[in-house]
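Taking it in order: structure first as structure tokens, then the write-up.
The values are calculated or read from the model by the stated rules, or taken from the named source; none is laboratory data. Please read these numbers as outputs of a predicted model, since none were measured by experiment. For neighbour counting, all protein chains shown are included, and Cβ atoms are generated from backbone atoms with ideal geometry for every residue, glycine included. Protein only, heavy atoms only, side chains kept; ligands, DNA and RNA dropped before computing areas. Shrake-Rupley method; radii C 1.70, N 1.55, O 1.52, S 1.80 Å.
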Amino acid sequence: PAVTSPCKILKCNSEFWAATSGSHHLGAEEAPEFCTALRAYAHCTRRTARTCRGDLAYHSAVHGIDDLMVQHNCSKDGPTSQPRLRTLPPGDSQERSDSPEICHYEKSFHKHSAAPNYTHCGLFGDPHLRTFTDTFQTCKVQGAWPLIDNNYLNVQVTNTPVLPGSSATATSKLTIIFKSFQECVDQKVYQAEMDELPAAFVDGSKNGGDKHGANSLKITEKVSGQHIEIQAKYIGTTIVVRQVGRYLTFAVRMPEEVVNAVEDRDSQGLYLCLRGCPVNQQIDFQTIRSAQATEGRARRKGPSLPAPPEAFTYETATAKCREKLPVEDLYFQSCVFDLLTTGDVNFMLAAYYAFEDVKMLHSNKDKLHLYERTRDLSPGNTAPTGTHPALWVALLCLCWLCLL
């Protein structure tokens, strides 16, 4: 259930905005009035400080007040006044979508500080994970796993086997919970499954509900049944969900400040976008050669393996992937791996769209392509391995292992 925050920083922000609306570029003769409103703003933040501990908007407001005090040569001691509260015109949807200012991350959280640093996470294919730190992993992670779990939203994916008896999995279900946030949005839940990519939240709405800044959370349908985009402006976040073939892909752009907004950092061990997949769920390309002999013996002694719907050789898989992914980076390698493992050409499209989403969402255009596959060796998930010289041979071998 939605919980109303006891932090009243939004009220302080709204009152100051109402008192100084249209007066951000004051002349010298108006400075005393502005300083009076600014002192009232500071007093309001002090009253709510105890309940706002850890609130991003509160700390941003306090920082902004200090900056404005210096800029306008305001004394911290002096008169305060009750602000002139504005009333909303009935039916004024534009005012509703733009106010209060706290419901626009870039305008409110960072108005008086450096621009936020945005990060990206994506999940696609069989499944391949690109974390917020640009680590690239191929994982098993069958069943339900949390992708994101912070103070503002939760994202959980469910991965199911692509073929009967195979350990190759892909995302068949996605659940996103946007937590209630001050006067901006009510709690909203979005859910997508195979062959069902709705353009609305589970309650049928397309925005954040009945609160004053509800339109700071909106769903837009880009391609019916195939591509939706969710804009959560109050936390500076964009989410892209696609259905490619039978399975789902996920991509997000999120400020680093929001990514790390967690109550207990130590409890976030399974937050895949932040920490990566657990070591025992990662596919280790470096062990393929030693496993190849075991795989060969199992094939000679064991029952026949389920055949993929379409047989790709290494040559035909690379040719197919090159049609959409001309740069032989990890997205290209993932495409080849998925075609060899599943035989489903839609996995080539999943890799292609995943990279298209990276181009749209990643803030550093120099880091779009990744060339080194990493495998994390410690619980902290910080130790990468280098590029293996026989990576292509490993990919070919690994596809057979996934079918065991």
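Quick look at the values:
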| item | result |
| --- | --- |
| Inter-site label distance for Glu323 and Asp134 at 7 Å from Cα along Cβ, in nm | 3.1 nm |
| Distance (nanometres) between label positions extended 7 Å along Cα→Cβ at Lys365 and Ala261 | 2.9 nm |
| Sequence ranges 186-196, 38-48, ranked by mean other-Cβ count within 10 angstrom, highest first | 38-48, 186-196 |
| Net lengthening on full extension, Ala200/Thr313 (0.36 nm per residue, minus Cα-Cα) | 36.6 nm |
| Amide H partners (placed H, <5 Å) of Leu153, local residues excluded | Lys179 |
| Net lengthening on full extension, Ala49/Asp210 (0.36 nm per residue, minus Cα-Cα) | 55.3 nm |
| The stretch 103-276: relative contact order as a whole-number percent, Cα under 8 Å and 6+ apart | 25 percent |
| Estimated FRET transfer efficiency (Gln231, Asp77; beta-carbon r; R0 30 Å; 0.05) | 0.10 |
| Exposure ranking of Val223, Val358, Val262 by accessible area [1.4 Å probe, largest first] | Val223, Val262, Val358 |
| Virtual spin-label span in nm between Glu193 and Thr160, 7 Å along Cα→Cβ | 0.8 nm |
| In Å², nearest 10: area of Ile230 left accessible to a 1.4 Å probe | 0 Å² |
| Above-threshold pairs, the threshold being 21 Å between Cα atoms, out of Lys206/Lys324; Lys140/Lys233; Lys211/Lys233; Lys140/Lys173; Lys11/Lys179; Lys179/Lys233 | Lys206/Lys324; Lys140/Lys233 |
